[in-house]
Amino acid sequence: MSSRKLTRSTKDRILAGVLGGLGEYLGIDPNILRVIAVVLFIFSPTIILVAYLAAVLLIPKAGEEKPIIAKLELEKHAPLIIGLILVIVGAGMLGSAAVSSIFWTFKPGIAATLTQIVAASILILVGLILLVPRLRSL
């Protein structure tokens, strides 16, 4: 049985080392994973952003035992985390609506796109209301 452990890479990283670490763990070239991630991001940005952020929080950096989330005082930073998640989800929805509006301009799908834009804007606004006061105190 192998004692390999999934960690975020410190030597093969572009953002936080998630895909570099996953590539090392699986024995795959991380660039292949990056291309797959970009393609998936084009089709579903919200899911990829949330999954990447979750990986950053839950997978420890190489050489460390605990992930970032274990170091956070969740009770103290809960509004900050919730606000950040709302902004990311809203931005992903907004990006998705922008892409779909390119294909559906002046067609039957435009009402759904407008609804998605309004919902995304509300999420971003609520997220910013939660974020801004907390960011000033950091």
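The values are calculated or read from the model by the stated rules, or taken from the named source; none is laboratory data. Keep in mind it's a predicted model, so treat the numbers as computed, not measured. Cβ coordinates were reconstructed from backbone atoms using ideal geometry, including for glycine residues, and neighbour counts include every protein chain displayed. Ligands, DNA and RNA are stripped out before the accessible areas are found, and what is left, the full protein with its side chains, is counted by its heavy atoms. Shrake-Rupley method; radii C 1.70, N 1.55, O 1.52, S 1.80 Å.
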Right, Pro67: in contact with a Pro (Cβ under 6 Å, 6 or more places away or on another chain), free of Cβ contacts under 8 Å to residues at least 12 places away in the same chain and open to solvent by less than 80 Å² (accessible area, probe 1.4 Å) or not?
-> yes
Would you confirm whether any residue within region 22-36 is hydrophobic (A, V, I, L, M, F, W, C), part of a helix (DSSP H, G or I) and under 28 Å from Leu123 (Cβ atoms)?
-> yes
Which listed residue is at pLDDT 80 or above, assigned to a helix (DSSP H, G or I) and open to solvent by 60 Å² or more (accessible area, probe 1.4 Å), from Ile102, Ile122 | Ile122
When region 1-23 is examined, which residues are found to be within 17 Å of Pro60 (Cβ to Cβ) and open to solvent by 90 Å² or more (accessible area, probe 1.4 Å)?
-> Ser3, Arg4, Lys5, Lys11, Arg13, Leu15
Would you point out the residue of region 38-55, among those that are buried (at least 17 other Cβ atoms within 10 Å of the Cβ) and aliphatic (A, V, I, L, M), that is modelled with the highest pLDDT?
-> Ala55
Residue check, Ile81 against (1) in a helix (DSSP H, G or I); (2) over 24 Å from Ile122 (Cα atoms); (3) among the aliphatic types (A, V, I, L, M), all met but one. Which one?
-> (2)
